[in-house]
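The values are calculated or read from the model by the stated rules, or taken from the named source; none is laboratory data. Note that the structure is predicted; figures quoted are calculated from it, not measured. Reconstructed Cβ throughout: ideal geometry from the backbone, glycine too, with neighbour counts over all protein chains shown. Just the protein is used for accessible areas: all its heavy atoms, side chains included, with ligands, DNA and RNA removed. Shrake-Rupley method; radii C 1.70, N 1.55, O 1.52, S 1.80 Å.
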Amino acid sequence: MKKIFFSILISSFLLQTNAQELKTKANWYNLDFEKDGVRGMSVERAYSELLKDKKSTPVVVAVIDGGTDINHEDLKDRLWTNTKEIAGNGKDDDKNGFIDDINGWDFLGGKDGTDVNHEQLEMTRLLKQLKDKFGEKPSKKMIRKNKIDYELLQSLQKEYDEKKAESEQYAPFYKQLYTNYLESEKVLKEYLKTEILTKETIASIDETLADRKVRAAKKTLEKFNELGATGADIKEAAEHYENELKYNYNLDFNARTVVGDKPNKLEYGEYGNNEVTGPEAVHGTHVAGIIGANRNNNLGIKGVCNDVKIMVVRTVPDGDERDKDVANAIRYATDNGASIINMSFGKKYSPEKKWVDEAVKYAQSKGVLLIAAAGNDNLDTDVDGQYPNDQYDGGGMAENWISVGALSWKADADAVATFSNYGKKNVDVFAPGVDIYSTVPGSKYEEKSGTSMAAPATTGVAALLKSYFPNLTAAQIKKIILESTTKAPDLRVKKPGSDEIVKFEDLSATGGIVNAYNAVKMAMEMK
C-alpha cells in the first residue's frame, strides 16, 4: 500500500471485473439518507435547516499530511496565515522557533528549500538497524543476550522478503501493461486520425475493415475501459511498485540527507523549511478540500466546514512517516493555534511511540482534538494495531482522539468500504470515504477513496461544530460527534476484506455514522 494511505486505486483495479457502477451524487458525502437516499453526513441539511443566518467564527484546522497546494482556487481563501510572521525576511518574527512559517511548516524539508519525497517503510528502517546490530553471523551468546531483538529481526526479514517479492512481481507487470496501453492508444489515434479517444469512437471501429493491429488495439483499450482503468491509473500503479523497490524497500536509501537532521533526536524547531506544498501534494490537497473547500465561490466542491483556516503541516512522505516528525507536527499545530488536527496516515511499526504519545498528551492538555484515519488494510485493529493510535505505551488512552473507518455510497451489504479497517474498540465511527470528489493540485478535482477521506470528513464536522459553537471544548466536540451518529441497527454488511455478513454496528465502538445535522442539534441543546 502506497503511503499516505494510497488511494485504493491499484487494489480496486485488481479486484474489479465488471464495468464501474455509477454513483448517485458527486457530493454524496454531504447529503442526507432520509432526503437523498445515500448515507452521507447530512451536512447540507444542517446548513439549510439549522445554521441558516447564524454566525460562525474561523477555526484553525491543522492538516498533517504530505503537503497542500496553497494556490488552489478552492483553498487559497481558506488557509491559515501566521499574522505574527513577516513573509520572506528570513527571521523568526514571532519567536516560535520556525522561520517564515506563513502557512505552516514542512518537517520533510531541508534548509536549502529542497524536500523529501520518497522514504523507506518503517519496517525497512527497523530491519536495517537490526541487521547492522547483529551482522551477518551473530554469535549464540549475542542472540541469547538480545533474544527479543533477534526474534524481531527474523520476523521483519520474513515480512520484508514477502512484500519485496510482491513488488518485484507487479512492477514489471504494470510497466508492461502501461506500455501496451500507450501502444494501443497510439495505433487507434493514428487509425482514427484523432488526438482524443472516447469509448464511443473506439466502439465505432468496424473490425471487418480494420487490420489485425488495429483490432488488437481496440480490444486492449475496450478491456481497460471495461475495468474502469485509465492510462493515468495504470501509470500510477506502475510507478507505485517501481518506487516501492527503489525507495520503500531499499535498505540503503537515506532520505534524511535532504533534511540534514539527526533522526534519533526530536530537535523541535531545529529542522525543516516553510515550503508546505512539497513535491507531491495530491493527497494533502484532497484532504484539505474535504474539510474546508470554499462553499460560496461557485467553484469545484463544497467542503464540510465553510469557516476554516487550514494550517499545512507537511510530515508524510511516499513511504512511512517518522515518529519524530509526527510528534513535532502535533506540537507545532498545537503551539500555533490549531483547534483540530487531521491525521490521514498510518503505519505498522512505531519505534519511537513515546515521542508521539507525549505530543498527543500535550495536545490534549491544550484542548486540541485529533482525528485519525483507521487504515486501509481491511483489518480488525482490535487485533492488528496500527500507528499512531490513542493507546499510550505506558498504559492509558488519549481522550482527545477519534478514529474513523470508511463508508461507501453503496447500499446494504456493500455499505462499508471493502478496504477499511474496523474494530469494536479501536475504531470510533464510520464516515464517507469512497469516491470522494475533492481538490487536487493545479486547481483541479478528482475522486479518491480511503479512510484518509473519511477522517477529514469527520474533521470537517468537528470544525463545523467549533465554528458555530466556539465555546465547545475538544472533549465536548468528541462526545457530540460520537453520540450523535446515525445508527443502522438492521444494516448487515460485508466484513471488509471478505464476503462474511456482519452487523454494521459491530464494526466500531459507536456502531454509527458521523452526522452533522444530529451533531449540530445536540450542540444547540448543550448550549
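Of all residues in the range 438-459, those satisfying the criterion of being closer than 16 Å to residue 69 by Cα and in a strand (DSSP E or B) are 438, 439, 440, 444, 445, 446. Hey, residue 158 hits all of (1) within 30 Å of residue 132 (Cβ to Cβ); (2) in contact (Cβ under 8 Å) with a residue 24 or more places away in the chain but one; which does it fall short on? Going through (1) within 30 Å of residue 132 (Cβ to Cβ); (2) in contact (Cβ under 8 Å) with a residue 24 or more places away in the chain one by one, residue 158 breaks only (2). Residues in the range 422-450 that are open to solvent by less than 30 Å² (accessible area, probe 1.4 Å) and within 19 Å of residue 32 (Cα to Cα): 429, 430, 431, 432, 433, 434, 436, 438.
Exactly one residue out of 141, 133 is part of a helix (DSSP H, G or I), without any contact (Cβ under 8 Å) to a residue 60 or more places away in the chain, of a type in the set (D, E, K, R) and open to solvent by 100 Å² or more (accessible area, probe 1.4 Å): that is 141.
Which one of these is under 20 Å from residue 160 (Cα atoms), open to solvent by less than 10 Å² (accessible area, probe 1.4 Å) and either part of a helix (DSSP H, G or I) or modelled with pLDDT of 95 or more (or both): 239, 244? Talk me through it step by step, then tell me what you get.
On the way: 239 fails: open to solvent by less than 10 Å² (accessible area, probe 1.4 Å).
On inspection, the qualifying residue turns out to be 244.
Counting only residues that are over 17 Å from residue 231 (Cβ atoms) and in a loop (DSSP other than H, G, I, E, B), the range 198-220 holds 8 of them.
Restricting attention to the range 471-527, and to residues there that are part of a helix (DSSP H, G or I) and open to solvent by 70 Å² or more (accessible area, probe 1.4 Å), which single residue is farthest from residue 291 (Cα to Cα)? Steps first, please.
Kept after step one, since they are part of a helix (DSSP H, G or I), are these residues of the range 471-527: 474-483, 504-507, 516-526.
Restricting the remaining residues to those that are open to solvent by 70 Å² or more (accessible area, probe 1.4 Å) gives 479, 483, 506, 521, 525-526.
Numbers: 479: 20, 483: 21, 506: 27, 521: 20, 525: 25, 526: 24 Å.
Checked the range 471-527; the qualifying residue farthest from residue 291 (Cα to Cα) is 506.
The residue that is most open to solvent (accessible area, probe 1.4 Å), counting only those in the range 287-343 that are in a strand (DSSP E or B) and farther than 30 Å from residue 243 by Cβ, is 309. The one condition from (1) surrounded by fewer than 17 Cβ atoms within 10 Å (Cβ to Cβ); (2) at pLDDT 95 or above that residue 60 does not meet is (1). Pairs are defined by a Cβ separation below 8 Å, a sequence spacing of at least 6 or placement on different chains, a first member in the range 177-197 that is within 15 Å of residue 216 (Cβ to Cβ) and assigned to a helix (DSSP H, G or I), and a second member that is open to solvent by 90 Å² or more (accessible area, probe 1.4 Å) and of a type outside the set (Asp, Glu); the pairs so defined are 187/213.
From the list 395, 346, 375, pick out the single residue that is of a type outside the set (A, V, I, L, M) and free of Cβ contacts under 8 Å to residues at least 24 places away in the same chain.
Values: 346 fails: free of Cβ contacts under 8 Å to residues at least 24 places away in the same chain; 375 fails: free of Cβ contacts under 8 Å to residues at least 24 places away in the same chain.
Every option except 395 fails the conditions.
Taking the criterion of being of a type in the set (A, V, I, L, M, F, W, C) and farther than 15 Å from residue 505 by Cβ, the residues of the range 386-430 that qualify are 397, 398, 401, 402, 404, 406, 409, 411, 417, 419.
In the range 42-52 there is at least one residue matching the filter, namely being free of Cβ contacts under 8 Å to residues at least 12 places away in the same chain and farther than 23 Å from residue 430 by Cα. Looking across the range 102-129, just one residue is open to solvent by 30 Å² or more (accessible area, probe 1.4 Å) and of a type in the set (A, V, I, L, M, F, W, C), and that is 102. The condition of being closer than 21 Å to residue 417 by Cα and aliphatic (A, V, I, L, M) holds for only one of 472, 491, that being 491.
Go through the range 358-372 and report how many residues are touching a residue at least 24 places away in the same chain (Cβ under 8 Å), open to solvent by 10 Å² or more (accessible area, probe 1.4 Å) and out of contact with any strand residue (DSSP E or B) (no Cβ under 9 Å at 6 or more places or on another chain). Outline the logic, then answer.
Just the residues of the range 358-372 that are touching a residue at least 24 places away in the same chain (Cβ under 8 Å), to begin with: 358-364, 366-372.
From what is left, the residues that are open to solvent by 10 Å² or more (accessible area, probe 1.4 Å) are 358, 361-362, 364, 366-367.
The next check asks that each one be out of contact with any strand residue (DSSP E or B) (no Cβ under 9 Å at 6 or more places or on another chain); those that pass are 358, 361-362, 366-367.
The qualifying residues number 5.
Are any residues in the range 222-236 open to solvent by 40 Å² or more (accessible area, probe 1.4 Å) and either closer than 16 Å to residue 321 by Cβ or not in a loop (DSSP other than H, G, I, E, B) (or both), and if so, which ones?
The first filter runs over the range 222-236 and keeps only residues open to solvent by 40 Å² or more (accessible area, probe 1.4 Å), leaving 222-223, 225-226, 230, 232, 235-236.
Selection gives 222, 223, 225, 226, 232, 235, 236.
Of all residues in the range 71-101, those satisfying the criterion of being open to solvent by less than 40 Å² (accessible area, probe 1.4 Å) and under 24 Å from the mean Cα position of the chain (by Cα) are 72, 74, 75, 78, 79, 80, 101. When residues in the range 40-57 are screened for being open to solvent by 30 Å² or more (accessible area, probe 1.4 Å), of a type outside the set (S, T, N, Q), under 21 Å from residue 298 (Cβ atoms) and part of a loop (DSSP other than H, G, I, E, B), 2 of them pass.
Taken across the range 265-286, residues that are of a type outside the set (Asp, Glu), open to solvent by less than 40 Å² (accessible area, probe 1.4 Å), modelled with pLDDT of 95 or more and more than 30 Å from residue 89 (Cβ to Cβ) do occur, with at least one present.
Candidates 191, 160: the one that is aromatic (Phe, Trp, Tyr), closer than 28 Å to residue 246 by Cα and surrounded by 11 or more Cβ atoms within 10 Å (Cβ to Cβ) is 160.
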